[in-house]
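So the structure is just underneath, and the comments pick up after that.
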Amino acid sequence: MNKLNKFPKNFYMGVAMSANQSEGAFNINGKGVSTADVRFFKKDLDRHNVFEEFKMNRHNLEHILKNEKDFYFPKRTGIDFYHTYKEDIKLLSELNINIFRTSIAWTRIYPTGEEKTPNLEGLKFYKNLFEECKKNNLKIMVTISHLEMPLNIVTKYGGWANKETIKMYINFAKTVVTEFCDIVDFWLPFNEINHIDFDCTGVFADEKNHLSKSYQSFHNQFVANSKIIHFGKSLNENMKFGTMVGHMLSYPATCDPLDVYENLKESQINVDFFYEIMCNGKYPWYMSKFFADNKIILDISKKELEIISKNTVDFVSFSYYSSAIISAKEIEKTGGNVKERGKNPFLVANEWGWQIDPVGLKISIMELYSKYKLPIFVSENGFATTEELDESNSIEDDYRIDYLRKHLDAIKEACLEGADVFGYTLWTPIDLVSFTSQEMSKRYGVIYVDQNDLGEGSKKRYRKKSFYWLQNYVKNSQEV
Ligand code: BG6
């Protein structure tokens, strides 16, 4: 095997999930209602435009809460990981992996966000889960807030646009960081912090001053991010914190300078801005004009800017699924993570229109390493499709194997070029509920779960062909 077939020494190779998409048990042992618990499954949805289909406004939420019995809420059940975590972790450890990433459900610890003391049952669950990981020789990466928050914080306080939410998040984050600082190895304060969606900001789609509220939410999250880094380092200066940005790579649609310019602007605003603040501690120069052009008015204090500048991350992590093209003109669109994006004639897409681009992963790593010169961790990447078990209770998912092989090879190639990539976690090892479409049939796993979009099925786990492929690939890729 030549060097290209190995990851660097001490590379972390593992898998990633989130609490709200897997645990279920939404009202057990003191857990409160989270924003994820009011997301419902919709039949016959437009798979290329799911973001539009699930836009949440205040009126929708009131209707949903008044008529709960008319809806099915898949994240309330998840894949019942809350009860099956022991067997699931054991199964995952068969993959020869050495790291497991998940998140902590805020509402399991602080059901409404306002409590002064934590729910001990919630802490007990994560203690047991993390101990199980250690028993199976897995390092742990924790996302403190993964696209959900207590619903009460949204309805009573207006979500992240309100500075009170910083206090409630810090109360929650300090609790879990203190409790688990000795067992958790890496921390991500926010998942995909760059998404403007309701689940991420708690701002309703039809809110007056929507843009100002959304950017105020981002600012408040940046402050919270820096505050928790500061707190963690005061407990133990070796604690490691990273960014988690939804990496929306895009290319200019043509070499027309106008397309190149449009792509530059789009990348600055939707992606670079977030890394810049968390890695370099400063609002980048180009944001002032964007704020002025869009009449975005923000409440930012000198003290907050100081906190942000003094408490930056230790590593860069991001999710990468697909790429898109950007043009100054109207172009054909396809699906994408949280919004429709420009269709690239050189790429093929999955059933949701997400375009498959392993070279784009290599480009992303190399660009990010050039810009921020911090170690890189690819914290999400994977392939979704609809699947059914065959007669032998397996799935011949060669398409997933192809996707994974090409993306993992792209990481190795970036390492060969000299980029410092120290880990990868696959989204997701076990089929679970989709974040954007709430479908169970959008399957990412190398392990199949017998459960349909309405939660029917035995929930039994079955290894797909890609499970065995990954097991072997990981074993043969580690530098010893
Ligand atoms: C990211 C999220 O957006 O991508 C995950 O961090 C999510 O929570 C994943 O599941 C894939 O998105 P989806 O909508 O296909 O589940």
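The values are calculated or read from the model by the stated rules, or taken from the named source; none is laboratory data. Every value quoted in this text rests on a predicted model; they were computed, and no experiment measured them. Here Cβ is always computed from backbone atoms with ideal geometry, including for glycine, and neighbour counts include all displayed protein chains. Accessible surface is based on the protein model in full, side chains and every heavy atom, while ligands, DNA and RNA are left aside. Shrake-Rupley method; radii C 1.70, N 1.55, O 1.52, S 1.80 Å.
Under the criterion of Cα pairs below 8 Å and six or more residues apart, the relative contact order for the stretch 90-181 equals 37 percent. When the helices of the chain are scored as -39500 (n - 2.57) per DSSP H run of n ≥ 4 and the total is divided over every residue, the value at 222 nm lands at -11500 deg cm²/dmol. Once the Cβ-Cβ distance of Asp185 and Asn57 is raised to the sixth power relative to R0 = 45 Å, the FRET efficiency obtained is 0.70. For the stretch 200-319, a simple Cβ point-charge model (Lys and Arg +1, Asp and Glu -1, everything else neutral) yields a dipole of about 540 debye relative to the Cα centre. Relative contact order for the stretch 339-436: 36 percent, from Cα pairs under 8 Å spaced at least 6 residues apart, divided by residue count.
Charging the Cβ of each Asp and Glu at -1 and of each Lys and Arg at +1, and nothing else, the dipole of the chain about its Cα centre rounds to 1280 debye. Working ranking of peptides 457-470, 236-249, 389-402 by packing, defined as the average number of other Cβ atoms within 10 Å per residue, highest first, is 236-249, 457-470, 389-402.
When you filter the trypsin sites (Lys or Arg not before Pro) in the stretch 348-383 for DSSP loop state and at most 13 other Cβ atoms inside 10 Å of their Cβ, you are left with Lys373.
Per residue, the accessible area of the chain comes to 40 Å² when a 1.4 Å probe rolls over the protein heavy atoms. Looking at the stretch 215-287, the pairs of alpha carbons with a distance over 14 Å make up 67% of the total.
Contact order for the chain, expressed relative to its length and based on alpha carbon pairs under 8 Å spaced 6+ residues apart, stands at 20 percent. With each label modelled as a point 7 angstrom along the Cα→C-beta vector, the Ser458-Asp390 pair spans 2.0 nm.
Note on the chain: with neighbouring protein chains present and a 1.4 Å probe, carbon and sulfur make up 51 percent of its accessible heavy-atom surface. On full extension, the segment bounded by Asn476 and Gln268 gains 71.0 nm, given 0.36 nm per residue less the C-alpha separation. Using 7 Å Cα-to-Cβ label points, what is the Trp285/Lys134 separation (nm, one decimal)? It works out to 4.8 nm between the two label points.
Rounded is the label for the chain, because a/c, from the alpha-carbon gyration tensor with a ≥ b ≥ c as root eigenvalues, stays below 1.5. Dipole of the stretch 303-423 computed with +1 at Lys/Arg Cβ and -1 at Asp/Glu Cβ about the Cα centre; of Tyr369, Ser322, Gly342, farthest Cα towards the positive end is Tyr369.
In this structure, Asn238 and Lys9 have a Cβ-Cβ separation that, at R0 = 25 Å, corresponds to a calculated FRET efficiency of about 0.80. When +1 charges are put on Lys and Arg Cβ atoms and -1 charges on Asp and Glu Cβ atoms, the dipole computed for the stretch 312-423 relative to its Cα centre reaches about 780 debye. Please report how far the C-alpha centroid of the stretch 363-401 lies from that of the stretch 277-324, rounded to the nearest whole angstrom. The stretch 363-401 and the stretch 277-324 have Cα centres separated by 27 Å.
Sparse packing (at most 14 other Cβ atoms within 10 Å of the Cβ) combined with a DSSP loop state is found for the following trypsin sites (Lys or Arg not before Pro) in the stretch 58-166: Lys116. The modelled label-to-label distance for the pair Tyr468/Glu114, using points 7 Å beyond Cα in the direction of Cβ, is 5.6 nm.
Going through the stretch 295-346, which chymotrypsin sites (Phe, Trp or Tyr not before Pro) have at most 14 other Cβ atoms within 10 Å and a DSSP loop state? Passing both the DSSP loop test and the Cβ count: Phe346. Which of rounded, prolate or oblate describes the stretch 4-47 when judged by the alpha-carbon gyration tensor and an a/c cut-off of 1.5? Here the stretch 4-47 falls in the oblate category.
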